[in-house]
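Read the structure below first, then the notes.
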Amino acid sequence: MSGIANRVKDVMKFRSTSSRWGPIAVALHWVMALAIIAMLVLGVVMVNYPMSATKLKLFAVHKSIGLTVLALAWVRLAWRCFDRRPRWPEGLSGAHKHAARSAHIGLYILMLLVPLSGWCINAASGFPLNWFGLFAVPSLLSPNETLQAIAESVHLTAVIALTVVLSLHVTGALYHHFARRSGLLRRMWLW
């Protein structure tokens, strides 16, 4: 029995506390933040890049990072179901709590929708998909121009929504940390 108790204790070290996010939540947050920013920048660069072998490589990297974001979003959702949430900072109004919850729900939906719609674009266009050249990824759809156009529209709209919601999330965190001096960023900081 003590072996199981020790394992449970080991897992508990990684969970969030009442005042701070735990190391797994923090790592997932910052890895995904960097990956999403990289995806947004890479998306703009690759779309505007002239047709060449380099452009095709940029698309391949973009797709691989997108699949990684999708997988990490599912991991993050699973961990979120297991992990507890730190208390809200003192003095936070109900409107601010509602806005933060809405932004987080929006971010989770978009972290799934953006890569899924990208995967659908790739499938509907009939291109093979692989993850960093290591293994083939199954196609979600048969080649279909109409579905490709719909997926492209969904993808672009979701990317714009993600950019807006992410900007609001960052602005809100910075406002509460620096203007309201709530120490909000320390709860999710790397150290």
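The values are calculated or read from the model by the stated rules, or taken from the named source; none is laboratory data. Quick caveat, the model's predicted, so the values are computed rather than measured. Cβ placement follows ideal geometry from the backbone for every residue including glycine, while neighbour counts extend to all protein chains displayed.
The table below gives the values:
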{"item": "Residue selected from region 115-135 under the condition farther than 18 Å from Leu42 by Cα and buried (at least 22 other Cβ atoms within 10 Å of the Cβ), by the criterion farthest from the chain's Cα centre (by Cα)", "result": "Ala124"}
{"item": "Qualifying residue in region 153-168 (condition: surrounded by 12 or more Cβ atoms within 10 Å (Cβ to Cβ), touching a Leu at 6+ places or on another chain (Cβ under 8 Å) and at pLDDT below 95)", "result": "no"}
{"item": "Every residue from region 172-181 that is in a loop (DSSP other than H, G, I, E, B) and either in contact with a Leu (Cβ under 6 Å, 6 or more places away or on another chain) or surrounded by 12 or more Cβ atoms within 10 Å (Cβ to Cβ) (or both)", "result": "Arg180"}
{"item": "Subset of region 57-113 (residues that are in a loop (DSSP other than H, G, I, E, B) and closer than 17 Å to Val31 by Cβ)", "result": "Asp83"}
{"item": "Close pairs (6 angstrom Cβ cut-off, 6 or more residues apart or separate chains): modelled with pLDDT of 90 or more in region 14-43, in a helix (DSSP H, G or I) and aromatic (Phe, Trp, Tyr) anywhere", "result": "Ile24/Trp79"}
{"item": "Residue within region 160-180 that is without any contact (Cβ under 8 Å) to a residue 60 or more places away in the chain, of a type in the set (Lys, Arg) and either in contact with a helix residue (DSSP H, G or I) (Cβ under 9 Å, 6 or more places away or on another chain) or farther than 16 Å from His29 by Cβ (or both) present", "result": "no"}
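For (1) of a type in the set (S, T, N, Q); (2) not in a helix (DSSP H, G or I), each residue gets a yes or a no:
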| residue | (1), (2) |
| --- | --- |
| Ile121 | no, no |
| Ala124 | no, no |
| Phe127 | no, yes |
| Leu141 | no, yes |
| Leu147 | no, no |
| Thr157 | yes, no |
| Leu162 | no, no |
| Ser167 | yes, no |
| Val170 | no, no |
